[in-house]
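S.K.: Handing you this structure, nothing more for now.
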Amino acid sequence: MASLFSSRLTSRSLSLLINLFFVFLIYLHFASQYPSHHSGSIEALNSLVAGDSDSCSGGLASLDDHRSKCSYIRSQSKCGSQGYIDYLKIFFCIFGQYPVLGHLVLSAWLFVLFYLLGDTAASYFCPSLNSLSKVLKLSPTMAGVTLLSLGNGAPDLFSSVVSFTRSNNGDFGLNSILGGAFFVSSFVVGTICVLIGSNDVSIDRNSFIRDVVFLLVALCCLGLIIFVGKVTIWVALCYLSIYLLYVGFLSVSHIFDRKKRMSDQTLRSREDLAEMGVPLLGYIAEEKLVSSEKPAQEIKVLFLDPPKRQRSCFSVLVSIVGLPLYLPRRLTIPVICEEKWSRPCAVVSTAIAPVLLTELYCSHYSGSQRNLILYIISGSIGLILGILAYLTTEKSQPPKKFSLVWLLGGFTMSVTWTYITAQELVSLLISLGNIFGISPSVLGLTVLAWGNSLGDLIANVTVAVHGGNDGAQIALSGCYAGPLFNTVIGLGVPLVITSLGEYPGVYIIPSDNSLLETLGFLMVGLLWALVIMPKKKMRLDKLVGGGLLAIYLCFLSLRLARVFGVLDIDR
């Protein structure tokens, strides 16, 4: 009884602390908007601003006093926040005298944003894709390379879109995508090979070569685009079509393999039945019935929900961490699955969703009168949709009619929340780059890439270690198909959007000499696996894993040495 009481008390205490943290962060945001009573040396600051460079970090590095930095941030539009919260003002104007506390607060918020980004994809985005695949009756292969890949790559995709469109830091998006692809294809694959290298596990040769070759082709095309330094809408569309070719090739090969397996199985079964004297007519009818039911069974296996278990302390802790951010998403994202169905939440979400979409649109534009009109229109639309949802739904079960409309609504709003979170995450990383004097592209290559790829590391390593040959095949396929999706779709979509905005002109790729270096190391890792794996008869050998880990760590050491001034080879 005492332990139960203490566990409840601990849970309530954690919940209270987390809620207080969010309230405290909101207070800091509004407090940082008011001018400080300590103005600093205004004359020296004005002279500095007159001759300052174009970067915000350059101006901050020239100032020593935190009060002058606070005044500089308030006076410079280039230091403005790219998201909803102004982190530079919070750090320099609130925590100027206590930088360690400011670092702790921003680091905690960075962790929360990574959690929110992954939880939105797992709890709302992927389930909506799961239901869409069933409604649209997609085959397992098509669902895996389209909707499932989109669900896994959503954080990388929207972070890249934000960096290109919202924050005008295209090099940040390029580095984050390439950093994630390099981390997964080298570090994660190397870790898997080292951990199971002594188990004599092998993978399918054709699938491995197909995925690696397509990824190499995509990287070669991307390297050519970066080398030229500009891209048109037609070039962006051609680059985006690489993934369509991959999907088509995979679908055709899957169809031929399936027909071959079915014909071989049919031939063997008929020979066995003929030897036993069993009539073939009844067997053929039964075979057609089984083959017609097979796709549905495969889809159930592909999107099978994990078995329900008793709530552990860790799951309770995760639920508490997500509590302050659960309600806003729950009241704006329609959810129509049986386990989470709630008629009041569904009605409220359909009413509030148009207002949230309007807020996201208006955050990119100025003009209060125009925004007010848009809010009135969206509020009226939301009221009508809420009334319709109340009249057409039941309390006991989710709606059966117009399920596709509900699923598309849930998909749209989960995309909206993923985009908002990615926007805030990119804004925080750019602010941290200005605080530490580190290029945002380096943070995208490391912090953002590692944060978005942490789930791949845990999931793929776990599946490979405990799943035998099949688990290793699934893990390795994910380690190459995932980076292929992120590299082509995660960069192709932003390139299409930005180049379309410059049409009929061209979009200039941000100049970053390290991009081609990252591409080179990434392709070296892929070529190492492509050459060594067939020689090892497709076994996941420790030599393969050690080489991949050495390549990644060598690249990371060089980049960090140049960032911290230990090595200077750019001149």
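S.K.: Suppose R0 equals 25 Å; then what is the FRET efficiency for CYS238 and ILE508 from their Cβ-Cβ distance, rounded to the nearest 0.05?
M.R.: Working: r = 18 Å, r/R0 = 0.73.
According to the calculation, E is roughly 0.85.
S.K.: Turning to a different aspect of this structure: On the full set of protein chains, 1.4 Å probe, figure out the accessible area of PHE114 and give it in Å² to the nearest 10.
M.R.: The value for PHE114 is about 40 Å².
S.K.: Sticking with this one: What does the accessible area of HIS103 come to, in Å² to the nearest 10, when a probe of 1.4 Å is used?
M.R.: For HIS103, solvent-accessible area is about 60 Å².
S.K.: Set the Förster radius R0 to 56 Å, insert the Cβ-Cβ distance between TYR98 and LEU553 as r into 1/(1 + (r/R0)^6), and round the FRET efficiency to 0.05.
M.R.: On the way: r = 35 Å, r/R0 = 0.63.
E between TYR98 and LEU553, to the nearest 0.05, is 0.95.
S.K.: Could you go through the stretch 526-533 in sequence order and give the Karplus-derived ³J(HN,Hα) for each residue, using 6.51 cos²θ - 1.76 cosθ + 1.60 with θ = phi - 60°, rounded to whole Hz, and x for Gly and Pro?
M.R.: Karplus values, whole Hz, x for Gly and Pro: 5, 5, 4, 5, 5, 8, 6, 4.
S.K.: What distance in nm lies between label points placed 7 Å from Cα along the C-beta direction at LEU372 and VAL228?
M.R.: 4.8
S.K.: Heads up, I need the accessible area for GLU338: 1.4 angstrom probe, whole protein in place, Å², nearest 10.
M.R.: 110
S.K.: Of all the accessible heavy-atom surface of the stretch 469-544, with the other protein chains kept in place and a 1.4 Å probe, what percent is carbon and sulfur? All intermediate terms of the calculation are to be shown ahead of the outcome.
M.R.: Details: 2050 of 3210 Å².
Exposed carbon and sulfur together represent 64 percent of the surface.
S.K.: At a Förster distance of 30 Å, what's the computed FRET efficiency of HIS466 paired with LEU530, Cβ-Cβ distance as r, to 0.05? Present the calculation step by step, with values, prior to reporting the outcome.
M.R.: Details: r = 27 Å, r/R0 = 0.89.
The calculated FRET efficiency here is 0.65.
S.K.: Then there's this: Cα extents of the stretch 56-141 along the three principal axes, largest first, in whole Å?
M.R.: Sorted largest first, the three principal extents are 62, 26, 19 Å.
S.K.: Which Rg and Dmax, in Å, describe the Cα atoms of the stretch 399-520?
M.R.: Answer for the stretch 399-520, Rg first and Dmax second: 18.8, 55 Å.
S.K.: Kindly sort ASP64, ASP119 by accessible area of their heavy atoms, largest first, with the probe set to 1.4 Å. Mind dumping the intermediate values first?
M.R.: Values: ASP64 150, ASP119 35 Å².
The most accessible residue leads, giving ASP64, ASP119.
S.K.: Mind listing the phi-derived Karplus ³J(HN,Hα) values for the stretch 99-107, rounded to whole Hz, using 6.51, -1.76 and 1.60 with θ = phi - 60°, and x for any glycine or proline?
M.R.: x, 4, 5, x, 4, 5, 5, 5, 5
S.K.: Which pairs break 19 Å Cα to Cα here: LYS78/LYS230; LYS340/LYS395; LYS260/LYS535? Show your work: numbers first, answer last.
M.R.: On the way: LYS78/LYS230 24 Å; LYS340/LYS395 12 Å; LYS260/LYS535 28 Å.
Those over the limit are LYS78/LYS230; LYS260/LYS535.
The values are calculated or read from the model by the stated rules, or taken from the named source; none is laboratory data. This one's a predicted model, so the numbers in the text were calculated from it and none came from an experiment. All Cβ positions, glycine included, derive from the backbone under ideal geometry; neighbour counts span all protein chains shown. Side chains are part of the model used for accessible areas, which takes the heavy atoms of the whole protein and leaves out ligands, DNA and RNA. Shrake-Rupley method; radii C 1.70, N 1.55, O 1.52, S 1.80 Å.
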